[in-house]
Amino acid sequence: MSAVLVEQREHVLVVVINRPQAMNAVDAEVSTGVGEALERAEADAGIRAVVLTGAGERAFCAGADLKAIGRGQGILAPGHEDWGLAGYVRHPISKPTIAAVNGFALGGGTELVLASDLAVAAETATFGLPEVARGLFAAAGGAFRLPEQLPRKVAMEMILTGEPITAARALELGLVNRVVAAEQVLDAALELADRIAANAPLAVQASKRVALGLVDGKIADDAAWDLTNREIMGVARTEDVREGTLAFAEKRKPNWQAR
């Protein structure tokens, strides 16, 4: 079974993370499949928008596959590690991207939403960056993109407490564009994509490039990524990471040592 399903519906490319048994957690196969789908969308003039969603009803994406990481396996696309988590968070394209959030989007799942141009959420969806409760932080763009996209103090509360918010709250804050019934989330995202696709495609793509400062396939946020990478390398070597992961697995409160 493929970890990523891709289907073109007229001018819209639908990309589905297809690991419902793992809450659509991201492994190397997911990163490769999604990244290649974005490359296809960018190269094909007939594709005018991309919709990203998750298989099943429970989860949009649970973030990085911790079991794969625990086995010593990489979760980025081999040879294209620069694309970032899920082949998506550092892989901007000129075609508009829409996240269809069909369930909880925690950690890396929220970071996929932050990396998308638009988002439609099911009423049952939740968003959050719980990494600090595991001894980590949101290193796939969340730590700097959330304060860019939400009121700063609200974003800082989410980042520092790790507590999630509901779909209704996400709509109120502008993190998502629409909240609909769970069974309507993909259709709502496709409707939004079709409205975009009805416009002049080159004008839409130029508008996105200007809005995001996208030049030669890159956004000028290298300094934020460099700082993120330096910090996560240091944090990842701490005792707190091991304690946070173990406490989560054992369903107990962590005993932080700050070392």
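The values are calculated or read from the model by the stated rules, or taken from the named source; none is laboratory data. Computed from a predicted structure; not experimentally measured. Note: ideal-geometry Cβ built from the backbone for every residue, glycine included; neighbour counts use all protein chains shown. Heavy atoms of the whole protein, side chains included, go into the accessibility calculation; ligands, DNA and RNA do not. Shrake-Rupley method; radii C 1.70, N 1.55, O 1.52, S 1.80 Å.
Please work out if ARG195 is under 30 Å from GLU57 (Cβ atoms), basic (Lys, Arg) and either exposed (fewer than 13 other Cβ atoms within 10 Å of the Cβ) or in contact with a Pro (Cβ under 6 Å, 6 or more places away or on another chain) (or both). Let's see the steps before the verdict.
Numbers: under 30 Å from GLU57 (Cβ atoms): yes; basic (Lys, Arg): yes; either exposed (fewer than 13 other Cβ atoms within 10 Å of the Cβ) or in contact with a Pro (Cβ under 6 Å, 6 or more places away or on another chain) (or both): yes.
So ARG195 passes the test.
Looking at ALA86, ALA37, ALA119, which one is at pLDDT 95 or above, buried (at least 22 other Cβ atoms within 10 Å of the Cβ), part of a strand (DSSP E or B) and in contact with a strand residue (DSSP E or B) (Cβ under 9 Å, 6 or more places away or on another chain)?
Residue meeting the stated conditions: ALA119.
Within region 80-99, can one find any residue that is over 30 Å from PRO201 (Cβ atoms) and under 14 Å from the mean Cα position of the chain (by Cα)?
No, region 80-99 contains no residue that is over 30 Å from PRO201 (Cβ atoms) and under 14 Å from the mean Cα position of the chain (by Cα).
Every residue, every condition in (1) at positive phi; (2) surrounded by fewer than 17 Cβ atoms within 10 Å (Cβ to Cβ); (3) modelled with pLDDT under 95, yes or no:
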| site | (1), (2), (3) |
| --- | --- |
| VAL4 | no, no, no |
| GLN8 | no, yes, no |
| VAL14 | no, no, no |
| ILE17 | no, no, no |
| SER31 | no, no, no |
| GLY46 | no, yes, no |
| ALA49 | no, no, no |
| THR53 | no, no, no |
| ALA62 | no, no, yes |
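Being of a type in the set (Ser, Thr, Tyr), more than 30 Å from GLU42 (Cα to Cα), out of contact with any strand residue (DSSP E or B) (no Cβ under 8 Å at 6 or more places or on another chain) and surrounded by 11 or more Cβ atoms within 10 Å (Cβ to Cβ) is the requirement here; does THR245 meet it? If you could, list the steps in order and put the result at the bottom.
Details: of a type in the set (Ser, Thr, Tyr): yes; more than 30 Å from GLU42 (Cα to Cα): yes; out of contact with any strand residue (DSSP E or B) (no Cβ under 8 Å at 6 or more places or on another chain): yes; surrounded by 11 or more Cβ atoms within 10 Å (Cβ to Cβ): yes.
When the stated conditions are applied, THR245 passes them.
State all residues of region 159-174 that are assigned to a strand (DSSP E or B) and over 14 Å from GLY109 (Cβ atoms); if no residue qualifies, say none.
The one that is assigned to a strand (DSSP E or B) and over 14 Å from GLY109 (Cβ atoms): THR166.
Can you tell me which residues in region 207-218 are in contact (Cβ under 8 Å) with a residue 40 or more places away in the chain and open to solvent by 40 Å² or more (accessible area, probe 1.4 Å)?
Filtering region 207-218 down to residues in contact (Cβ under 8 Å) with a residue 40 or more places away in the chain leaves 208-209, 212, 214, 217-218.
Correct list: ARG209, LEU212, GLY217, LYS218.
Testing THR32 on (1) in a strand (DSSP E or B); (2) farther than 21 Å from LEU136 by Cβ, one condition comes back false. Which one is that?
That leaves (1) as the condition not met.
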